[in-house]
Amino acid sequence: MKCGKMMENKVENVEYEVEVEGRSWKIMKYEMEEVEVWVVLDTGDSSTARRLFSQDSQVLVPSSLRALSVSLACDAVFYKMLDPPSTFKGFLCLKYLNLQQVLIAPDIVESLISSCPLLESLTLSYFDSLALTICAPNLKYLCLEGEFKDICLKNTPLLLTISVAMYMTDDIAEHFEQSSSCNFDKFLGGVPCLERLIGHIYLTKYLSIGNDLGKLPVAYNHLKVIELYQVSFEDMKEILVVLRLIVNSPCLQELQISGSSNTSTATEAPDLDFWEKECPSDCTFSLLETVKMTDMSGVPHEMEFIKFILRNSPMLETMSITPSVYVTDGRLNMLIELVRFRRASAQAEIIFIQD
């Protein structure tokens, strides 16, 4: 995240070359506003792995670096980092770590993260079938993208922003089905300072494993923005994830949700009485001003959720609703039903967007 921004604003760069194993390696040092970014580049054949450490335990990247970005040049090439030498005590000054399409074992990823006590920004992209435990007491920005089997935020009390995209494979889907632990608590149970949560594909599915509406280990008193994509309103467990998040976020200001419901299977919902009998009735979203709902199919639980938000948001200014491209005949009925819903906010405007 921040590495990219720093790279764009670089004011000076210095290149070094070192000879390791008969090959020339280039170390690029970017300096800007007291921040250094070191990137290790192989100057030879692009299929050769990039390394942070040589086989003779020589440290190619100094432990004093502030930021590190290692990424893949093309889809056919993979890089790997070797185990650090026993004398290496970690990157004690590293604040920004960005690893994209890097072939690396989970324990080495975890060890690398834990060896950076000042780490503030972490980006891991295109990782496959990775079960990851993150221990980073100073981490503030986390961006994850890949085929993650499990994610545990063990010691991340200062996290401000989380963005996660989880890609699904048959193996991961089977792992989800067999899991019995509460993923919600493992992932979001220790982030009391969270201000922004962005959950892309399959995050709500992952968080729904073992989840209920019980008391949370923490309250999200600083969470202002929630974005959740491809939420299935056919699955009550995923709906519970959304409700558990927003009900425990008293300072929520912006909410964005996209649906992924199948209108052919979700037209009838036998558990609609949930919204009257079990859904929290005494909650108020006192600071919520903007709601954006996209890819809506007009299925019963979607409409009940919208009704729930409208009647409990006294400061709501706008709610925009965009129907799914697959919904054509039912759009007028959806709009008629929406305008009938009671609104706690007199100034709340419903904007129905038809692409």
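The values are calculated or read from the model by the stated rules, or taken from the named source; none is laboratory data. Keep in mind it's a predicted model, so treat the numbers as computed, not measured. Glycine also receives a Cβ, built like all others from the backbone with ideal geometry; neighbour counts cover every protein chain displayed.
Can we say VAL247 is closer than 26 Å to PRO192 by Cβ and in contact with a Cys (Cβ under 6 Å, 6 or more places away or on another chain)?
Answer is yes for this residue.
Hey, can you tell me all the residues within the stretch 187-208 that are part of a loop (DSSP other than H, G, I, E, B) and not hydroxyl-bearing (Ser, Thr, Tyr)?
GLY189, GLY190, VAL191, PRO192, CYS193, LEU194, GLU195, HIS200, ILE201
Hey, can you tell me all the residues within the stretch 257-293 that are closer than 27 Å to HIS200 by Cβ, among the small types (Gly, Ala, Ser) and either at pLDDT 75 or above or loosely packed, with under 13 Cβ neighbours inside 10 Å (or both)?
SER258, GLY259, SER260, SER264
Please state which one of ILE134, ILE104 is aliphatic (A, V, I, L, M) and over 24 Å from GLU227 (Cβ atoms).
ILE104
If we scan the stretch 115-126, do we find a residue that is of a type in the set (Asp, Glu), in contact with a helix residue (DSSP H, G or I) (Cβ under 9 Å, 6 or more places away or on another chain) and not in a strand (DSSP E or B)?
The first filter runs over the stretch 115-126 and keeps only residues of a type in the set (Asp, Glu), leaving 120.
Remaining after also requiring in contact with a helix residue (DSSP H, G or I) (Cβ under 9 Å, 6 or more places away or on another chain): 120.
Next cut, not in a strand (DSSP E or B) only: 120.
Scanning the stretch 115-126, I find at least one residue that is of a type in the set (Asp, Glu), in contact with a helix residue (DSSP H, G or I) (Cβ under 9 Å, 6 or more places away or on another chain) and not in a strand (DSSP E or B), so the answer is yes.
One line per residue, one yes/no per condition, for (1) among the aliphatic types (A, V, I, L, M); (2) out of contact with any Asp or Glu (no Cβ under 9 Å at 6 or more places or on another chain); (3) assigned to a strand (DSSP E or B):
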position	(1), (2), (3)
LEU245	yes, yes, no
SER258	no, no, yes
PRO280	no, yes, no
PRO314	no, yes, no
GLN347	no, no, no
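Quick check on the stretch 123-150: of everything there that is within 11 Å of the chain's Cα centre (by Cα) and hydrophobic (A, V, I, L, M, F, W, C), which residue is farthest from LEU197 (Cα to Cα)?
LEU124
Filter the stretch 294-312 for residues that are of a type in the set (Ser, Thr, Tyr) and either part of a strand (DSSP E or B) or modelled with pLDDT of 95 or more (or both) and give the result.
Listed by number, the list holds a single entry, THR294.
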